[in-house]
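All remarks here apply to the structure that follows.
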Amino acid sequence: MASETKGFTRVIKAAGYSLKGLKAAWVNEAAFRQEAVAAIIAIIIAFYLDVSQIERILLIGSVVLVAIIELINSAIEAVVDRVGTEYHELSGRAKDIGSAAVFVTIGLALFIWATILWSRYFAV
């Protein structure tokens, strides 16, 4: 029986796996790179806007959520592609649903940004 990594060593190893995953997403996933760059720009903008702390958290959280869902979608796609290259209805469905999750999350982020910016800068 293999010894189980415990305590701080486990945390360090998990962080290493996470960084490896981020690097893999950056290198292999154009959509992740685009969304990550957009998120960085949006986060910088969020710090310059005259909004409340809660609004800033919503602005930043919404764009970070897009990146998180894109990572999950990329993982789903990698697993499906690993299983086989031939078309299967369930494989296509899994990929489409993952893509839909990203799409819905982008819509949510746009809604949050539009609502906050409208209420702060355009509402009478």
Electrostatic dipole magnitude of the stretch 30-122 [Cβ: Lys, Arg +1; Asp, Glu -1; Cα centre; debye, to 20]: 220 debye
Gain upon complete extension [ILE44, GLU4; 0.36 nm per residue less C-alpha separation]: 10.3 nm
Highest-MSF residue in the chain out of LEU110, LEU59, LEU71 [GNM, Cα springs under 10 Å]: LEU110
Mean ellipticity per residue at 222 nm, deg cm²/dmol - from DSSP H runs of n ≥ 4 across the chain, formula -39500 (n - 2.57): -29000 deg cm²/dmol
Charge dipole of the chain about the Cα centre (unit charges at C-beta), most positive-ward option of VAL83, VAL27, ALA100: VAL27
Förster-model FRET efficiency, 30 Å R0, ARG93 and THR115, C-beta, rounded to 0.05: 0.40
For the stretch 30-122: accessible area per residue (Å², 1.4 Å): 66 Å²
Prolate/oblate/rounded call for the chain, Cα gyration tensor, a/c under 1.5 rounded: oblate
Angle between the chain longest axis and helix 89-117 axis [Cα atoms, degrees, rounded to 10]: 20 degrees
Point-to-point label distance, THR85-ALA123, nm (Cα→Cβ direction, 7 Å offset): 5.4 nm
The chain: angle of helix 30-48 to the longest principal axis, Cα-based, in degrees nearest 10: 30 degrees
Computed FRET value (nearest 0.05) for ALA14 with VAL104, which takes r as the C-beta separation and R₀ as 35 Å: 0.80
With Cα atoms, 0 to 90° folded angle of helix 7-28 axis to the chain main axis: 80 degrees
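The values are calculated or read from the model by the stated rules, or taken from the named source; none is laboratory data. Source: prediction; values computed, not measured. Don't worry about glycine lacking a Cβ; one is built from the backbone with ideal geometry, like all the others, and counts go over all protein chains shown. Calculation scope for accessible area: heavy atoms of the full protein, side chains included, ligands and nucleic acids excluded. Shrake-Rupley method; radii C 1.70, N 1.55, O 1.52, S 1.80 Å.
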